[in-house]
Amino acid sequence: MGPENPSSVREALQPSALRAALIPRRPVFRNPWDSEGDMFACYAAVSVIDPVLLWCGGELMSSIFGFGSRWPLGVFLAAALVGAAGFVTIAGRERTSLSVDVLAIAAWLVLGLVVAPVLGLALPSGAAIASYGVVLLLILVYVLRFGRWETAFLRSVSWPVTWSLLALFFALCAHQLMFYP
């Protein structure tokens with residue numbers, strides 16, 4: 001990170017740094033299997049944070065808008081898959097600025113707490129799953145159309161596939177064993 005990119009959290013949270021982070025740049029996606037920190041972050045996100053975020057968002061949005069807070073299994077799995085895809089996209093992107101990371105993770109948290117529960121709990125199950133499918137497609141188009149790759153895309157495919165399968169497994173376990181036994 002150069003002098004124009006903040007290196008501390010305090011500098012990254014300054015309004016000028018956050019404004020600069022809002023200017024979109026073409027992301028470079030690297031091979032995230034090379035980073036133990038990224039693997040740990042993705043493991044924590046798909047195993048604990050994403051399912052708990054969806055459950056908390058469901059409870060919060062149902063108390064605000066008055067719809068049921070119990071997620072149907074298929075809708076919960078689809079929402080967890082979208083959350084995992086979003087986080088894997090954040091983790092797989094080459095780090096350019098701490099401010100960009102702060103904004104990306106904040107947007108991921110807002111989407112998990114507000115948008116995903118409203119789509120999943122307010123819409124009928126089929127419409128909610130279709131909506132999540134569109135969001136997954138948009139993430140894929142973003143990665144393929146706007147991103148560049150350090151390694152060949154087909155070599156990097158194992159990363160999102162593995163984490164998507166793990167996200168589905170952990171979301172299934174959380175739904176059936178913790179939140180709605």
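For this structure, a couple of remarks:
- Lys, Arg +1 and Asp, Glu -1 on Cβ, resulting dipole of the chain about Cα centre, debye, nearest 20: 400
- Straightening the chain between VAL52 and LEU165 buys 38.9 nm, computed as 0.36 nm per residue apart minus the Cα-Cα spacing.
- Ranked packing of 11-18, 84-91, 62-69, 171-178, most packed first, by mean Cβ within 10 Å: 84-91, 171-178, 11-18, 62-69
- Comparing mean-square fluctuations of LEU103, LEU81, LEU113 from a GNM of the chain with C-alpha springs under 10 Å, the top value falls on LEU103.
- Normalised by the number of residues in the stretch 43-178, the mean separation of alpha-carbon contacts (under 8 Å, six or more apart) gives a relative contact order of 43 percent.
- GNM result for the chain, Cα springs below 10 Å: residue of ARG25, ARG95, ARG70 fluctuating most strongly: ARG25
- Under the membrane-span-like helix rule (DSSP H runs whose alpha carbons stretch at least 27 Å along the helix axis, mean Kyte-Doolittle hydropathy 0.0 or higher), the chain yields 73-92.
- Three-way shape label, the stretch 82-162, alpha-carbon gyration tensor, a/c 1.5: oblate
- The length gained on full extension between GLN176 and VAL28, counted as 0.36 nm times the residue separation minus their Cα-Cα distance, comes to 49.5 nm.
- When you count the other C-beta atoms within 10 angstrom of each residue and take the mean per peptide, 39-45, 142-148 line up highest first as 39-45, 142-148.
- Which labelled figure in [x] 16.9, 52; [y] 38.6, 125; [z] 18.5, 63 is Rg and Dmax of the Cα atoms in Å, once derived from the coordinates: [x]
- Per-residue [θ]222 nm for the chain (sum of -39500 (n - 2.57) over DSSP H runs n ≥ 4, rounded to 500): -19000 deg cm²/dmol
Values in this text are rule-based calculations from the coordinates and carry no lab data. Values in this document were obtained by computation on a predicted structure and should not be read as measured data. Cβ sites come from the backbone with ideal geometry, for glycine too, and all protein chains shown count toward neighbours.
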